[in-house]
1. Counting pairs of alpha carbon atoms under 8 Å apart in space and at least six apart in sequence, what relative contact order in percent does the chain give?
2. Let me check something: with ligands and nucleic acids excluded, how do 118, 254 order by accessible area (1.4 Å probe), largest to smallest?
3. Once ligands and nucleic acids are excluded and a 1.4 Å probe is used, how much of residue 302 is accessible, expressed in Å² to the nearest 10?
4. Just to check I understand the Karplus step: with θ = phi - 60° and J = 6.51 cos²θ - 1.76 cosθ + 1.60, what whole-Hz values come out for the stretch 268-282, glycine and proline as x?
5. Cross-link candidates for residue 160: which lysines have Cα within less than 16 Å, leaving aside residues fewer than 8 places away along the same chain?
6. Starting from the residue with the highest accessible area, list 37, 135 in decreasing order, probe 1.4 Å.
7. Using a 1.4 Å probe, how large is the accessible area of residue 314, given in Å² and rounded to the nearest 10?
8. Kindly give the semi-axes, whole Å and largest first, of the ellipsoid equivalent to the stretch 237-318, taking each as the square root of 5 times a Cα gyration tensor eigenvalue.
Amino acid sequence: MSARAPAKGFWLYFAVVVALLAVAPLVLPEFWRRFLTEILIWGLLAMSSDILIGYTGMVSFGHSVFFGLGIYGAAAALMAVSPPNLWLAILLGLLAAAGVAVFVAFFATRLRDIYFAITTLVFSQIFYVIIFTWTTVTGGENGLYFSQPPLGIPGLFSLKFSTESLHWFVLAVVVASYLLVRRITQSPFGMVLQSIRENEPRTRAIGYHVERYKIVAVMLSGLFAGLAGALYAIQNKFAAPDFVFFLVSGEVVIFNVMGGIGTLVGPFVGAAFFLLLREGLSRFWSEYYLIPLGIVFTAMVIFMPQGLMGFMRRRLNQ
């Protein structure tokens, strides 16, 4: 009974949060509907990073590559096919991100700690330069503009996205992704990843092929990051080199730290808190909003090292 009670409580809270997110676009104005949808997408990107940071103990500054390739992969599909196809855009975004993730994982997972982080940072810069300079394909610094695909199944039905229906579609994808990642992290595979995080030499000593587990972890992380990129492309109808720049990876790490590393929910909380705080501060201090934002982040690292989720858990347990 004691083991089932927390599980029941989790699913109850989960159902309430999902219901609130589903109802939110019906009561929010246009700007905040789009903003909430964007928070879900950035939260999905942050959760994909948490597979590495929180569960495998590998800090990656290359997630902007997977996110950006997901955007450009979806953009290529939407520009190449007429009429644009939603499912083809998502598939091509996933394939582009997964292909690059395999390439990055093969080299980066041979290294540990800061060396792994630096290697992923180098890869992000390499792909940024390629996308920025390959203007005939990527549009260079001007980026690519494309049409938004309809929601439907070819030959059966086709519905144009509204801000509400797009939000519900993104919410459905994000919820399904969260449940899948949660299942993966609670599986024996996920337990091995956590063992690598806690003590890599001992995990290797008891017979696990650590490098293979790391490669799969990077691939999974890149796949969900690419999915976030494809959703972002579908919402904003725009692709630009800035999304591949390493600063995006830095923001993703900040989302995890603010929300709570190794929680899966924390990245969503951190993304929402950071983006809402940045939006509010930029309205009052248009040029200097990064100063109070940096002060808040520094204070949270010092006084809430486990993030917002860890802080709330401690308060509830008191």
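1. Working: 497 pairs, mean separation 97.3, N = 318.
Here the relative contact order equals 31 percent.
2. Working: 118 85, 254 45 Å².
The most accessible residue leads, giving 118, 254.
3. Using a 1.4 Å probe on the heavy atoms, I get roughly 110 Å².
4. 5, 5, x, 4, 5, 5, 5, 5, 5, 5, 5, 5, x, 5, 5
5. The qualifying lysines are 237.
6. On the way: 37 5, 135 85 Å².
Order by accessible area, largest first: 135, 37.
7. It works out to around 90 Å².
8. On the way: eigenvalues 118, 56, 23 Å².
Rounded to whole Å, the semi-axes are 24, 17, 11.
The values are calculated or read from the model by the stated rules, or taken from the named source; none is laboratory data. On a predicted model such as this, the values are computed, not experimentally measured, just so you know. We place every Cβ from the backbone using ideal geometry, glycine too, and count neighbours over all the protein chains shown. Surface accessibility is based on the protein's heavy atoms, side chains included, excluding ligands, DNA and RNA. Shrake-Rupley method; radii C 1.70, N 1.55, O 1.52, S 1.80 Å.
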